[in-house]
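Visitor: My structure is below; once you've seen it, I'll send some questions.
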Amino acid sequence: VTTVPVEVGPRDLRRLPEFFGHSARRDPDYGQYDIQILAEINHAPRLTLPQILEMAEHYRASGADIIDVGCIPGETWSGVRDAVRALRDSGFRVSIDSFDRSEVMAAVDAGAELVLSANHSNLEWAVELPVEWVLIPDETRSLDSLQPAIDAMRSAGRQIRIDPILDPVGI
């Protein structure tokens with residue numbers, strides 16, 4: 001049996017300098033980043049406008065900042081303009097998730113502020129639309145295709161977000 005005193009450190013690692021008698025320090029960049037929560041309404045073309053608005057209200061109440069209207073690959077939704085306009089009229093920030101040119105153009109015309117997504121398959125016309133874009137690689141196994149898309153969008157003066165779409169570990 002020994003009588004060595006034991007002292008428990010702070011619960012939060014960020015308080016370690018204070019524990020050792022130093023002044024509290026914060027990285028000057030700490031807290032300067034902000035996130036936006038985007039909630040997608042999947043398969044929106046399969047829903048009625050009241051259902052879309054109801055889901056959007058639920059997502060907003062749950063903390064979503066932007067409502068993403070998810071379209072269906074290989075189909076063109078003629079109602080996308082009305083859906084985006086109704087969401088905007090209800091005070092929502094809206095994005096569109098589609099590679100279909102006519103859907104994207106109609107959504108942007110109705111007030112969508114962000115488009116998911118662009119890569120080399122739609123970059124030729126995407127650079128022409130004055131809206132923010134999410135850029136993704138052509139294939140998830142390589143990020144090499146991102147830089148040409150980044151360069152093209154920046155040259156066109158477009159705002160971008162980059163989504164590398166990383167495969168989970170072990171895949």
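Visitor: Would you mind finding the one in Val115, Val84, Val94, Val104 that is farther than 15 Å from Leu38 by Cβ, within 19 Å of the chain's Cα centre (by Cα) and in contact (Cβ under 8 Å) with a residue 12 or more places away in the chain?
Guide: Just one listed residue meets the conditions, Val104.
Visitor: So Asn122 fits all but one of (1) out of contact with any strand residue (DSSP E or B) (no Cβ under 7 Å at 6 or more places or on another chain); (2) open to solvent by 10 Å² or more (accessible area, probe 1.4 Å); (3) of a type in the set (S, T, N, Q); what number is the exception?
Guide: Status for Asn122: all satisfied but (2).
Visitor: Another one. For Ile67, are the conditions met, namely being part of a helix (DSSP H, G or I), over 24 Å from Leu146 (Cα atoms), of a type in the set (Val, Ile, Thr) and open to solvent by less than 50 Å² (accessible area, probe 1.4 Å)?
Guide: So Ile67 fails the test.
Visitor: On to the next question. Could you grab me the full set of residues in the stretch 125-157 that are hydrophobic (A, V, I, L, M, F, W, C), touching a helix residue (DSSP H, G or I) at 6+ places or on another chain (Cβ under 7 Å) and surrounded by 15 or more Cβ atoms within 10 Å (Cβ to Cβ)?
Guide: Answer for the stretch 125-157, where residues must be hydrophobic (A, V, I, L, M, F, W, C), touching a helix residue (DSSP H, G or I) at 6+ places or on another chain (Cβ under 7 Å) and surrounded by 15 or more Cβ atoms within 10 Å (Cβ to Cβ): Val127, Leu129, Val131, Trp133, Leu135, Ala149, Ala152.
Visitor: Within 14 Å of Leu116 (Cα to Cα) and assigned to a loop (DSSP other than H, G, I, E, B): does that describe Ile35?
Guide: The answer is no for Ile35.
Visitor: Where residues in the stretch 15-26 are over 29 Å from the mean Cα position of the chain (by Cα) and open to solvent by 100 Å² or more (accessible area, probe 1.4 Å), which of them is modelled with the lowest pLDDT?
Guide: Result: Arg25.
Visitor: Taking into account only those residues within the stretch 27-53 that are acidic (Asp, Glu) and within 18 Å of the chain's Cα centre (by Cα), which is farthest from Pro73 (Cα to Cα)?
Guide: Filtering first and then ranking leaves Asp34.
Visitor: Suppose we filter Pro45, Pro28 for residues that are of a type outside the set (A, V, I, L, M, F, W, C), over 18 Å from Leu114 (Cβ atoms) and in contact with a Gly (Cβ under 8 Å, 6 or more places away or on another chain); which single one remains?
Guide: Pro45
Visitor: Here's a follow-up. Answer yes or no as to whether Glu57 is surrounded by 10 or more Cβ atoms within 10 Å (Cβ to Cβ) and either touching a Pro at 6+ places or on another chain (Cβ under 8 Å) or in contact (Cβ under 8 Å) with a residue 60 or more places away in the chain (or both).
Guide: No; evaluated as a whole, the condition is false for this residue.
The values are calculated or read from the model by the stated rules, or taken from the named source; none is laboratory data. Not measured: the values here are computed from a predicted model. Cβ: placed from backbone, ideal geometry, glycine included. Neighbour counts: every protein chain shown. Please note that ligands, DNA and RNA were not included when accessible areas were found on the heavy atoms of the full protein model with its side chains. Shrake-Rupley method; radii C 1.70, N 1.55, O 1.52, S 1.80 Å.
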